[in-house]
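J.: Before anything else, here's the structure in question.
The values are calculated or read from the model by the stated rules, or taken from the named source; none is laboratory data. It should be emphasised that the depicted structure is a prediction, and the values quoted were computed from it without experimental measurement. For neighbour counting, all protein chains shown are included, and Cβ atoms are generated from backbone atoms with ideal geometry for every residue, glycine included. Only protein heavy atoms, including side chains, enter the accessible area calculation; ligands, DNA and RNA are left aside. Shrake-Rupley method; radii C 1.70, N 1.55, O 1.52, S 1.80 Å.
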Amino acid sequence: MQKHDAVIIGAGPAGLNAAIALRKHDLNVLVIDEFPHLGGRLLGQLHEEPNGEWWNGIKEAEKLVNEAKALNTEMLTNVSVHHIQRKDGAFVVHTNRKNYEAKNVLIATGAAETANPIPGWTLPGVMTIGAAQVMTNVHRVRVGEKGIVIGVNVLAAAIARELLLAGIRLHSLALPINNAVTDEQSHPKMVMERLSRIAHLAPSPLLRFGGKFAKYKWAQNIAVSFYPKKGINMWDVPIHLRKAVKEINGTEQVESVTMVDITKDGEIIPGTEEEIPVDFVCIAGGLYPLAELAAVVGVPFKYVEPLGGHVPVHNEKMETPVEGVYVAGNITGIESAKVARAQGKVAGLSIAFRMKKDAAIQKEIEKAMDEVKTTRDNATIQFHPEIARGRDDIHAQFNKYLNG
Amino acid sequence: MKRNRIIEHPILDQLEERKTVTFQFDGKTLTGYERDTIASALLANGIRTLRRHEHSGAPRGIYCNIGHCFECRVTVNGTPNVRACITPIEENMIVESGKQLPSPLNPNNEHVPKTYREYMEMKDGEN
Ligand SMILES: Cc1cc2nc3c(=O)[nH]c(=O)nc-3n(C[C@H](O)[C@H](O)[C@H](O)COP(=O)(O)OP(=O)(O)OC[C@H]3O[C@@H](n4cnc5c(N)ncnc54)[C@H](O)[C@@H]3O)c2cc1C
Ligand code: FES
């Protein structure tokens, strides 16, 4: 069996940019992705940058794919990886097609969406906000006539706008009802606090509104206490912090949701139930690193809240404690596609250095690591206000591993 | 199928004319576009229910649309548990919705792998 210098799992911005770096050093790379199109979650992203330009993920993906193709990169779509086995100092990557041998493996599987389970959420017509993004912008199919978004966070706000651009109507964005799982997502004060701390970055009026209260906890408290009953409009769609969806109703598919008023602490105010007819529902629970494959191959994990949950331990060079296994992109923590892309380059170069031991590559790695930081500092979309602290946390964990 | 498509868009390119692909869902002949997944082609045809829950019989459709949750599992050309949301449609493909089963949770009912080793052995047995 042919042994690849590197098998890259995931053809998002991280995986593709890593492949490009490796091919530039003339190494033998195979990129594997289970989605029918290359580009990962770039496909579907559509944001207005503060300078008024649009970040069109489909075009950004195209650029990366074209560059990788020009370098004769071998890339497979519609192939799922379900196991990585260590064998004689190398790896066997198991897929639903066949197995591939590799001297190095880069796991760049990205993120998945956290569930906000509320009664009725399994009805056809209920989907994640990301599902609606892909259906709308990639497949160009309408998810419904008029819907509601459950969850108020950065991704919800970004994709709500995308639905509106495509001519799909939204009743509002509201919180999920409080239960054991929805917890933080259902608490007006916590939602407000998180929004307010990332507000200065975001181009959306909702987040700018939050930004006014950024500095002072008491101001956030007041903002939540006196939050308008009819919500605050963003692109003519109300954002509710004092209304929650308690239940999704329907027999064969979504017909309506039951909405209630809630206190500033997220408790239901009795007698406020209201039935709202909608034909689709988007659940926006936030993102977490999709990291199972790193666990399977023996990489240790640490829970780092600002990074989005359990992340594989790694250092700034994207190495894990398992020699030959690398990670890059959202698997290492939830950040924008630009950061993922920059991390991919670091990972590709780190693998190239392991293969060639060339001092010039060392220099390139240093530069690429700086690029990750600059990209992070200039990010226009940030998923957690404490991202930099989270990064320090996980890198320190790597050193702990090395030093026993 | 066109009625549910987003053709014009203020920022993205206009949806280009694509080749149509004919496939079957539960015996009905439907058309979608090249590059459609089973899930997107079905939704374009107004179909949201992809299966019945094996145990309760409750209707289920897509949830994540990117291959993570397995809510969209259907049978494709005789192969069960295929994710409709990441599987492209092909000419004459036969897609069947998932059905309610008599007692799906009984582990003695049929051979289901309980460990990865068992799974690999079953897979090797197929080839
Ligand atoms: C639903 C969703 C919507 C998002 N929307 C936005 C947005 O609007 N704006 C924004 O800035 N960020 C968004 N993000 C964050 C996004 O994760 C980053 O912007 C960026 O795409 C991360 O890049 P990546 O290369 O790490 O992973 P991804 O771009 O997610 O790419 C990972 C790839 O790995 C593949 N993969 C995963 N597991 C396997 C496997 N076992 N076998 C084979 N292939 C596999 C996937 O199919 C995917 O193509 C979104 C994330 C999700 C999950
Ligand atoms: S809808 Fe989640 S896997 Fe297809």
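J.: Quick one: putting +1 on the C-beta of Lys and Arg, -1 on the C-beta of Asp and Glu, what dipole do you get for the protein assembly as shown around its Cα centre, in Debye to the nearest 20?
T.: Once rounded to the nearest 20, the dipole reads 660 debye.
J.: At 7 Å along the Cα-to-beta-carbon direction for both A:Asn78 and B:Met122, put a label point, then send me their distance in nm to one decimal.
T.: 2.4
J.: Taking each residue in A:116-125, count the Cβ atoms of any other chain within 10 Å of its Cβ, then average. What number comes out?
T.: 3
J.: I've got another one for you. Where does each of A:346-352, B:69-75 land if you order them by average Cβ count within 10 Å, highest first?
T.: Numbers: A:346-352: 28.9, B:69-75: 19.6.
Ranked by mean Cβ neighbours within 10 Å, highest first: A:346-352, B:69-75.
J.: Pairs to check: A:Lys59/A:Lys317; A:Lys246/A:Lys302; A:Lys24/A:Lys63. Give those whose C-alpha atoms are more than 22 Å from each other in this structure.
T.: From A:Lys59/A:Lys317; A:Lys246/A:Lys302; A:Lys24/A:Lys63, over 22 Å: A:Lys59/A:Lys317; A:Lys246/A:Lys302.
J.: Something else: Work out the FRET efficiency for A:Ala90 and B:Asn92 from their Cβ-Cβ distance, taking R0 = 25 Å, and round it to the nearest 0.05.
T.: On the way: r = 41 Å, r/R0 = 1.65.
So, using R0 = 25 Å, E works out to roughly 0.05.
J.: Roughly what % of Cα-Cα distances in the stretch A:322-404 sit above 17 Å, to the whole percent?
T.: For the stretch A:322-404, the fraction of Cα-Cα distances above 17 Å is 51 percent.
J.: Turning to a different aspect of this structure: Could you let me know the centre-to-centre spacing of the stretch B:44-104 and the stretch A:17-72, using Cα atoms, in angstrom?
T.: Between the Cα centres of the stretch B:44-104 and the stretch A:17-72 lies a distance of 29 Å.
J.: Now for a separate question. Under 18 Å Cα-Cα from A:Lys243, which aspartates and glutamates qualify once same-chain neighbours fewer than 8 residues away are excluded?
T.: Partners within reach: A:Asp183, A:Glu184, A:Glu193, A:Asp261, A:Asp265, A:Glu267, A:Glu273, A:Glu274, A:Glu275.
J.: Using a ≥ b ≥ c from the Cα gyration tensor of the stretch A:1-119 (square roots of the eigenvalues), is it rounded, prolate or oblate, where a/c under 1.5 gives rounded and otherwise the larger of a/b and b/c decides, a/b for prolate?
T.: Working: a/c = 2.52, a/b = 1.37, b/c = 1.84.
Judged from the Cα gyration tensor, the stretch A:1-119 comes out oblate (a/c at least 1.5, b/c at or above a/b).
J.: Quick check of the Kirkwood formula: for the stretch A:115-283, what is the inverse mean of 1/r over all pairs of different Cα atoms, in Å? Please list the in-between numbers first.
T.: Numbers: mean 1/r = 0.0629 Å⁻¹.
About 15.9 Å, per the Kirkwood formula over Cα pairs.
J.: Continuing with the same structure: Amide H neighbours of B:His53 under 5 Å, at least 5 residues apart or on other chains, H built in the peptide plane: list them.
T.: B:Ala58, B:Arg60
J.: Kindly provide the pair-distance distribution of the stretch A:252-309 built from C-alpha pairs, with 10 Å bins from 0 and whole-percent values in order of increasing distance.
T.: The distribution over the stretch A:252-309 is 16, 25, 23, 22, 13, 0, given as percents.
J.: Given a 1.4 angstrom probe, I'd like the percentage of the accessible area of the stretch A:115-283 that is carbon and sulfur, rounded to a whole number.
T.: Working: 3530 of 6520 Å².
With neighbouring chains kept in place, the figure for the stretch A:115-283 is 54 percent.
J.: Another question about this same structure. Could you work out what % of the accessible surface of the stretch B:2-102 is carbon and sulfur, using a 1.4 angstrom probe and leaving DNA, RNA and ligands out of the count?
T.: Carbon plus sulfur share of accessible area: 48 percent.
J.: I want to check the label-to-label distance for B:Thr31 and A:Arg389. Put each point 7 Å from Cα in the C-beta direction and report it in nm to one decimal.
T.: 5.8
J.: Further question: Over all alpha-carbon pairs in the stretch B:2-102, figure out the percentage whose distance exceeds 17 Å.
T.: Details: 2587 of 5050 pairs.
Counting pairs separated by more than 17 Å, the tail of P(r) holds 51 percent.
J.: Let me ask something else. Sorted by average packing, counted as other Cβ atoms within 10 angstrom per residue and highest first, what order do B:19-27, A:236-244 take?
T.: Top to bottom by mean Cβ count within 10 Å: A:236-244, B:19-27.
J.: Here is a follow-up. So what's the gap between the Cα centers of the stretch A:335-372 and the stretch A:99-129, to the nearest angstrom?
T.: 27
J.: Then there is this: Can you compute the modelled spin-label distance between B:Thr22 and A:Asn66, with each label point 7 Å from Cα toward Cβ, in nm?
T.: 3.7
J.: Would you list, by chain and number, the lysines whose Cα falls below 24 Å from the Cα of A:Lys98, excluding same-chain residues fewer than 8 positions away?
T.: Leaving aside lysines fewer than 8 places away in the same chain, those within reach of A:Lys98 are A:Lys3, A:Lys69, A:Lys87, B:Lys114, B:Lys123.
J.: Something else about it: Out of all DSSP beta bridges in the stretch A:115-283, what portion is antiparallel? Express it as a percent rounded to 5.
T.: 50
J.: Bin all alpha-carbon pair distances of the protein assembly as shown at 10 Å intervals from 0 and give each bin's fraction as a whole percent.
T.: The distribution over the protein assembly as shown is 4, 18, 28, 27, 18, 5, 0, 0, given as percents.
J.: OK, next. Total Å² of accessible surface buried at the B-A contact, 1.4 Å probe, nearest 100?
T.: 3700
J.: With helices defined as uninterrupted DSSP H runs, which ones in chain A have an alpha carbon span along their own long axis of at least 15 Å and mean Kyte-Doolittle hydropathy of at least -0.5? Don't jump to the answer; show the numbers that get you there.
T.: Values: long enough: A:13-24 (16 Å, 0.45); A:57-70 (20 Å, -0.59); A:154-165 (17 Å, 1.93); A:188-198 (16 Å, -0.23); A:337-356 (28 Å, 0.23); A:359-377 (28 Å, -0.95); A:387-402 (23 Å, -0.79).
TM-like helix candidates: A:13-24, A:154-165, A:188-198, A:337-356.
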